Amino acid sequence: MGSTGSYGRGARVLSVGLALTGVVTLAYFVLATYALDRREYGAVSLLWSITFIVATVIYRPIEQLLARTVARGHEFGRVPALIQGGFALGFLVVALALRGPLVELLNGSQALYWILVAAVLAYAASYFARGYLAGSGRFELYGGLVFVEATSRVLFPLAVVLGVAGGQTAVALGIAAAPVLSLLVVPWALRRRARTAEAAEEARGAEAARGALSLRTGTGFAGSVLVISAAEQTLINAAVLTTQAAAPLLVGVVFNALLIVRAPLQLFQAVQGSLLPHLANAQADEFTRALRVTVLAIAGFAGAVALGLLAVGPLVMGVFDIDYDYGRLGLAALGLGMGFHLVAGTLNQAALARDRGGRAAAAWVVAAVAFVVWLLAPVVDDPVLRVEVGYLGATVGLAAMLGMTLRRGG
């Protein structure tokens, strides 16, 4: 019961932290539109998108590895740090090699290019800290870290609006400075760790009994999560790219529709952050109970969203200044697909907790590839409806495959 209560409390704390973070992040972009002209704002938005996608794909594996490792009583140091350093170094090599194309992509701005490099490297430390905080059950500090990150970022466009600073570079600097400033919460975690030295000794004893984390095992786990992260980004972003190629005028329409998916997935990171360390140590009954409670909560939420979209979806989407008549059924399909995506994320955490990351990664790859093939094959003439139907089908298949992965494992 104590562990279950900790999981529920952790999810609630992280949900509040990430919800506040989402509001403050929105404020960053609102202020940026006042501080910059359309071209400058577009470049900063692109910089944000590249930073977020790259950092999520290459660093979230270590966050997950560290959360599971620490929750199991292992030391948090060398192996995850080596892998994280390898990912960061790999990014730096690629970024330097692609400096010319990246500068051109960012409207020829050398300053934005170096902010991109600095931001992605800084997120290596930020995600490492997140994994440690989640694994050690310090969810209030995890929530504090992401909130401090968002709050410090928004100060930069605010300074430009107030006239304290000026220009595109000043606004963009917040993207690189935020992950560094967010690490101010880490000394609190280290102080508490020092006060629990005896518990750490017991954890080291447990680690010796179970076998220390090896570089090979850690790399295998991180590699699986990297593949999963890349496949998930494909499910979320591929439709925008394929629509850009086939029907450029509908890109904004598809992007806005997929916000139905993006917002809940962002908040669900709170549940994921507390679910993996909980499941890593859970007994069979507790493991099953946590999955059941989470899946039932998702089903209720997704069902309510789908019904709401069916009733007033087109009206709600009218808040966007784009002349397009969204279909009720298509929007409801996205709502249901979002629910299956969240269920898949839950089952994915269960698979990672039970050392089945390779099987889980295979399921994600199959779903992502099938989704892209569907988008490229004009089975449905309407590009927007094609995205909506394809996303629902891909997430249903993904959830089913991950469920079978857990069942086969016993």
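Residues that are of a type in the set (Phe, Trp, Tyr), at least 3 per element: which helices (runs of 4 or more DSSP H) completely within segment 294-410 meet that? Outline the logic, then answer.
Details: elements: 328-353, 357-376, 383-408.
Because the criterion is at least 3 residues that are of a type in the set (Phe, Trp, Tyr), the helices (runs of 4 or more DSSP H) in segment 294-410 that meet it are 357-376.
Does any residue of segment 2-10 turn out to be part of a helix (DSSP H, G or I), at pLDDT 85 or above, within 24 Å of the chain's Cα centre (by Cα) and not hydroxyl-bearing (Ser, Thr, Tyr)?
Kept after step one, since they are part of a helix (DSSP H, G or I), are these residues of segment 2-10: 2-10.
Narrowing further to those that are at pLDDT 85 or above: none.
No, segment 2-10 contains no residue that is part of a helix (DSSP H, G or I), at pLDDT 85 or above, within 24 Å of the chain's Cα centre (by Cα) and not hydroxyl-bearing (Ser, Thr, Tyr).
Does segment 153-170 include one or more residues that are touching a helix residue (DSSP H, G or I) at 6+ places or on another chain (Cβ under 9 Å), at pLDDT 80 or above and among the aromatic types (Phe, Trp, Tyr)? It would help to see each step written out before you state the result.
In the first step, residues of segment 153-170 are kept if they are touching a helix residue (DSSP H, G or I) at 6+ places or on another chain (Cβ under 9 Å); the result is 153-161, 164-170.
When the remaining residues are screened for being at pLDDT 80 or above, the result is 153-161, 164-170.
Keeping just the survivors that are among the aromatic types (Phe, Trp, Tyr) gives 156.
There is at least one residue in segment 153-170 that is touching a helix residue (DSSP H, G or I) at 6+ places or on another chain (Cβ under 9 Å), at pLDDT 80 or above and among the aromatic types (Phe, Trp, Tyr).
What residue, among those in segment 287-312 that are small (Gly, Ala, Ser) and at pLDDT 90 or above, is nearest to the chain's Cα centre (by Cα)?
Within segment 287-312, the subset small (Gly, Ala, Ser) is 290, 297, 299-300, 302-304, 306, 308, 311.
From what is left, the residues that are at pLDDT 90 or above are 299-300, 302-304, 306, 308, 311.
On the way: 299: 21, 300: 22, 302: 19, 303: 23, 304: 23, 306: 23, 308: 25, 311: 29 Å.
It comes out as 302.
Which of the residues spanning segment 220-248 are of a type in the set (A, V, I, L, M), in a helix (DSSP H, G or I) and in contact (Cβ under 8 Å) with a residue 40 or more places away in the chain?
Going residue by residue through segment 220-248, those that are of a type in the set (A, V, I, L, M) are 222, 225-228, 230-231, 235-236, 238-241, 245-247.
Next, only the ones that are in a helix (DSSP H, G or I) stay: 222, 225-228, 230-231, 235-236, 238-241, 245-246.
Selection gives 222, 225, 226, 227, 228, 230, 231, 235, 238, 239, 246.
Restricting the search to segment 312-362, which residues are farther than 22 Å from residue 236 by Cβ, among the aliphatic types (A, V, I, L, M) and in contact (Cβ under 8 Å) with a residue 12 or more places away in the chain?
Of everything in segment 312-362, just one residue is farther than 22 Å from residue 236 by Cβ, among the aliphatic types (A, V, I, L, M) and in contact (Cβ under 8 Å) with a residue 12 or more places away in the chain, namely 353.
Restricting attention to segment 279-310, which residues are surrounded by fewer than 18 Cβ atoms within 10 Å (Cβ to Cβ) and within 18 Å of residue 259 (Cα to Cα)?
Within segment 279-310, 301, 303, 304, 307, 308, 310 meet the criteria.
State the number of residues belonging to segment 134-147 that are part of a helix (DSSP H, G or I) and either surrounded by 21 or more Cβ atoms within 10 Å (Cβ to Cβ) or in contact with a strand residue (DSSP E or B) (Cβ under 8 Å, 6 or more places away or on another chain) (or both). Give the steps one after another, and end with the answer.
From segment 134-147, those part of a helix (DSSP H, G or I) are 134-135, 139-147; that's our starting set.
Pick out the ones that are also either surrounded by 21 or more Cβ atoms within 10 Å (Cβ to Cβ) or in contact with a strand residue (DSSP E or B) (Cβ under 8 Å, 6 or more places away or on another chain) (or both) and you get 134-135, 139, 141-143, 145-146.
Result for segment 134-147: 8.
Search segment 296-311 for residues that are farther than 10 Å from residue 335 by Cα and pair each with any residue that is surrounded by 14 or more Cβ atoms within 10 Å (Cβ to Cβ) and among the small types (Gly, Ala, Ser) when their beta-carbon atoms are under 7 Å apart and the residues are at least 6 apart or on different chains.
298/339; 299/339
Just one of 103, 57 is surrounded by 18 or more Cβ atoms within 10 Å (Cβ to Cβ) and touching a helix residue (DSSP H, G or I) at 6+ places or on another chain (Cβ under 9 Å); which is it?
On the way: 103 fails: surrounded by 18 or more Cβ atoms within 10 Å (Cβ to Cβ).
Answer to the check: 57.
Can you tell me which of (1) surrounded by fewer than 18 Cβ atoms within 10 Å (Cβ to Cβ); (2) closer than 19 Å to residue 55 by Cβ is the one residue 170 doesn't meet?
Evaluating residue 170 over (1) surrounded by fewer than 18 Cβ atoms within 10 Å (Cβ to Cβ); (2) closer than 19 Å to residue 55 by Cβ leaves (2) as the failure.
Which residue, of 379, 373, 366, 387, is buried (at least 24 other Cβ atoms within 10 Å of the Cβ), out of contact with any Asp or Glu (no Cβ under 9 Å at 6 or more places or on another chain) and either of a type outside the set (Ser, Thr, Tyr) or more than 24 Å from residue 257 (Cβ to Cβ) (or both)? Working first, answer last.
Working: 379 fails: buried (at least 24 other Cβ atoms within 10 Å of the Cβ); 373 fails: buried (at least 24 other Cβ atoms within 10 Å of the Cβ); 366 fails: buried (at least 24 other Cβ atoms within 10 Å of the Cβ).
Matching residue, one of 379, 373, 366, 387: 387.
How about segment 249-293: which of its residues are of a type in the set (Gly, Ala, Ser) and assigned to a helix (DSSP H, G or I)?
To start, the set of residues in segment 249-293 that are of a type in the set (Gly, Ala, Ser) comprises 252, 257, 263, 270, 273-274, 280, 282, 284, 290.
Scanning segment 249-293 gives 252, 257, 263, 270, 273, 274, 280, 284, 290.
The values are calculated or read from the model by the stated rules, or taken from the named source; none is laboratory data. Small disclaimer: the values here were computed from a predicted structure and weren't measured. Note that we place each Cβ from the backbone using ideal geometry, even for glycine, and neighbour counts take in every protein chain shown.
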